[in-house]
Amino acid sequence: MIDDLDLGFDERDRGEKGKHRRSAMRKRKGKSGGGGRTVLALLLAFVLLGAIGGGAFYGFDRVQSYFVTPDYDGAGTGELTVEVKQGALIADIANVLYSAGVVKSAQAFIDAAEENSRSKNIQPGTYKVRKQMSGESALGMLLDLKNKIVNGITIPEGRSAKQTYKLLSEKTQIPVEDFEAAAKDPEALGVPDWWFTRNDGKKVVKSIEGFLYPDTYEVPPKATAEVILKEMVANFLTVTGKMQFAERVQKERGGISPYEALIVASLAQAEAGNKDDLGKVARVAYNRVYGDFDCNCLEMDVTVNYYLESTGQRTKSSKEMTAADMDNPKNPYNRKLPGLVPTPINNPGKDAMEGAMDPPEGKWLFFVAIDKEGHSAFAETYEEQLRNEAKAKEAGII
């Protein structure tokens, strides 16, 4: 209590009232043993200070971590590699570095990144770094492209899965058979089950074809076939997600499923000789299969060639194809069969998918290339198509 303490005030100038009050305070001290309590308070203070002093040495690092971000000093030692994945946030990169022993805490890297506006320029890929680096040093290594391990491979648009495996194998030395084995279960590679929904009554064939998005990829050291194909599928899902491909197809294409639209995108990718014609070729495919075309069949040679390739046979030009080739009853990609083929016939790019998602309006049923740049002329009737073919012959295209 306050009146049990001698506050040391000089009350000589406060008059008689002050004198009586000081006298009363002193009397109460004598009666209640106030001096004993003062001694006890002093002892407790010394004990407390001693405890704090001893504990300071024991728990300094722990206490410090609450106020100072744990961080290494300097540029670190040794060498190791870390991977920055496509779409990784700064926090994701920080966790990768911390788990690998590069930085002392994820926050150390985050703090360094927040202070450097260039941190947003970190590219996906595999980087050489060192252990026990400061957050600032680690950031510097990721921003220096000299530390990026370049093992890039470009997969062009319109390559079939089989052709893609060959390209990947040549670059990585991973056997084609490993890619084929990994691709047997598309869902295990990340393709959602709903992607294989069909609304046309055709049997569903779950294939990786169509989902290996064409792009340039940085292949991590010691990557497996499964890891590489998963990355390609993830890229496909990212691209189609940003396009809202599935949502727009279901909303705008009159009951056609996203998988059917993906098949059409692959047909357009294979048939269109020019980027400008991708949407028109997609429209032709829709008109033939879902419109008033006599057989409701595709009648596209590219589906026949896909079957020939997938069964290990030589592909043929349109001139080389026989009636038996084009109407083989054992071929599920037969150009005369009604409806769409069982799967995509290649892996289409973004432009082809945009064409299938939002094709231009038109009643075209036929098309033919008419110039060396690959542009096609489109026709609603067979008579008009014959006239276009004549122009193509005059130009030496067919």
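Quick rundown of the values:
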{"read-out": "Conditions (1) in a helix (DSSP H, G or I); (2) under 20 Å from Asn199 (Cβ atoms); (3) without any contact (Cβ under 8 Å) to a residue 60 or more places away in the chain; number of the one not met by Asp292", "value": "(1)"}
{"read-out": "Verdict on Lys162 being crowded, with 16+ Cβ neighbours inside 10 Å and modelled with pLDDT under 95", "value": "no"}
{"read-out": "Some residue of region 175-189 being without any contact (Cβ under 8 Å) to a residue 40 or more places away in the chain, open to solvent by less than 70 Å² (accessible area, probe 1.4 Å), closer than 30 Å to Ala108 by Cα and more than 21 Å from the chain's Cα centre (by Cα)", "value": "no"}
{"read-out": "Meets criteria (closer than 23 Å to Phe245 by Cα, open to solvent by less than 40 Å² (accessible area, probe 1.4 Å) and in a loop (DSSP other than H, G, I, E, B)) for Tyr213", "value": "yes"}
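The values are calculated or read from the model by the stated rules, or taken from the named source; none is laboratory data. As the structure is a prediction and not an experimental result, all values here were calculated from the model. A quick note on method: Cβ atoms are made from the backbone with ideal geometry, for glycine too, and the neighbour counts reach across all protein chains shown. Each accessible area value is taken on the protein alone, full model and side chains, heavy atoms only, with ligands, DNA and RNA left out. Shrake-Rupley method; radii C 1.70, N 1.55, O 1.52, S 1.80 Å.
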